[in-house]
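What follows is a single structure, written as structure tokens, with notes after it.
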Amino acid sequence: ATLNNIGQIGLKNRDYEAAARSFEGAFKYQYLLFNPSNHFVLATMDKLAFTNVKKGDRSKALKMYNQMLEAQIEVLGPHHIDCAQTLTKISLVHVEEKNYKAAQKSVQMVMEAEARNENNPKVSGRFKSLTKAAKRNFKMKKTVATKS
């Protein structure tokens, strides 16, 4: 947990290089000790991917988010809300990379998961929020890019 705490301090201080090193160290230890789908490992993966986005290394962020998604799908199934949240993050990174086809694919997968869960009152509202945010960001960025 200490490396994660140091990573959090790095994030708070906008020292993304230090934060990434700390989260990478934490991830390596956790990966050796736990199953990749362990919630501690997944949380560290999420923080590491976010840190890589902040420091501008989107390819590393996408790699980590995709690895995270694989572990989530293995345990939770492809239509779980956690998978949809990760897919939304993946779509946002793809949009930043101007890879609209990949972003659209991720948004479509979120929409499929939402459709599968529309009768589940515990998560249907969360899915609607995710879908709305992913679509809005995709449309906004794509519109700006085509105007340029």
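What to note about this one:
- Which listed residue, of SER22, SER91, is of a type in the set (Ser, Thr, Tyr) and under 11 Å from the mean Cα position of the chain (by Cα): SER91
- Filter result for LYS132 (modelled with pLDDT of 90 or more and of a type outside the set (Ser, Thr, Tyr)): no
- Meets criteria (outside the structural domain of LYS132 (by the TED database), farther than 26 Å from SER129 by Cα and surrounded by fewer than 21 Cβ atoms within 10 Å (Cβ to Cβ)) for ASN5: yes
- Close pairs from segment 114-126: first of a type in the set (Ser, Thr, Tyr), partner at pLDDT 75 or above, Cβ under 9 Å, at least 6 apart: SER124/GLU114; SER124/ASN117; SER124/GLU118
- Here TYR31 clears all of (1) more than 11 Å from the chain's Cα centre (by Cα); (2) at pLDDT 95 or above; (3) open to solvent by 90 Å² or more (accessible area, probe 1.4 Å) except the condition numbered (2).
- Residue in segment 57-70 that is more than 24 Å from GLU112 (Cβ to Cβ) and open to solvent by less than 50 Å² (accessible area, probe 1.4 Å) present: yes
- Total residues in segment 82-119, condition closer than 26 Å to PHE27 by Cα and either at pLDDT below 90 or open to solvent by 60 Å² or more (accessible area, probe 1.4 Å) (or both): 5
The values are calculated or read from the model by the stated rules, or taken from the named source; none is laboratory data. Please read all numbers here as calculations on a predicted model, not as lab measurements. Ideal geometry is used to build each Cβ from the backbone, glycine not excepted, and the neighbour counts take in all protein chains shown. Surface areas here come from the heavy atoms of the whole protein model, side chains and all, with no ligands, DNA or RNA. Shrake-Rupley method; radii C 1.70, N 1.55, O 1.52, S 1.80 Å.
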